[in-house]
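Here's the structure, in structure tokens; my notes come after.
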């Protein structure tokens, strides 16, 4: 009995410490401007792949109403999710701008909205690698960070349900957040990533 108590106490301590370490990544990160009760933040995730940096994008509900987010679309009944409504905007030192999003795949079956309920005080985060993104405007893919640096901001375009299947008609009635949201801006360069 005593050993079971000690084991449970140790397990709780480990879970608590892991939670503290996970949250420590975003300490000191100033999110973007609050827009209609939501905030968005962008953090560079430590990685050994300098050519393919990874970012964590979080959307937090700091408002007074629970909302739903339509992040994009899902395939195969939720087995594959594509946050098409989240973009990364890169601006290099010359002012050249790339607006990048998750590439569109060939779709031959069912498509559903990538819907995420977001209670007041809650946050939802996703991770994206630069190599997963394409520029729909120019057709460029596998974009590399400029060697002398760039500014990166995440954007979210909130829309209502737009891929409603016959068995999901009630999705049209959900309280989807509509509007545009921007994160904080981070500045990184390829030279820094390889150090």
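For the range 106-155, the gyration tensor built on C-alpha atoms gives an oblate shape. Its axis ratio a/c (a ≥ b ≥ c) is at least 1.5, and a/b is not larger than b/c. Return the distance in nm (one decimal) between the two label points of a simple spin-label model at residue 124 and residue 151, each offset 7 Å from Cα along Cα→Cβ. Reported label-point gap for residue 124 and residue 151 is 2.9 nm. Estimated from the Cβ-Cβ distance and a Förster radius of 41 angstrom, the FRET efficiency linking residue 111 and residue 34 is about 0.85. Here the simple spin-label model places points 7 Å from the Cα toward Cβ, and for residue 160 and residue 54 these points are separated by 3.7 nm. Going from the fewest other Cβ atoms within 10 Å to the most, the residues 150, 68 appear in the order 68, 150.
With the cut-off at under 18 Å, measuring from each backbone N in the range 79-103 to a point 7 Å along the Cα-to-Cβ line of residue 186 picks out 86-93, 98-102. Normalised by residue number, the volume inside the convex hull of the Cα atoms of the range 29-194 is 121 Å³ per residue. Look at 104, 59, 152, 126 and count the other Cβ atoms within 10 Å of each Cβ; fewest to most, that gives 104, 126, 152, 59.
Every number here is computed from the coordinates shown, using simple stated rules; none is lab data. Quick caveat: nothing in here was measured; it's all calculated off a predicted structure. Methodologically, a virtual Cβ is constructed for each residue, glycine included, from the backbone with ideal geometry; neighbour enumeration extends over all protein chains shown.
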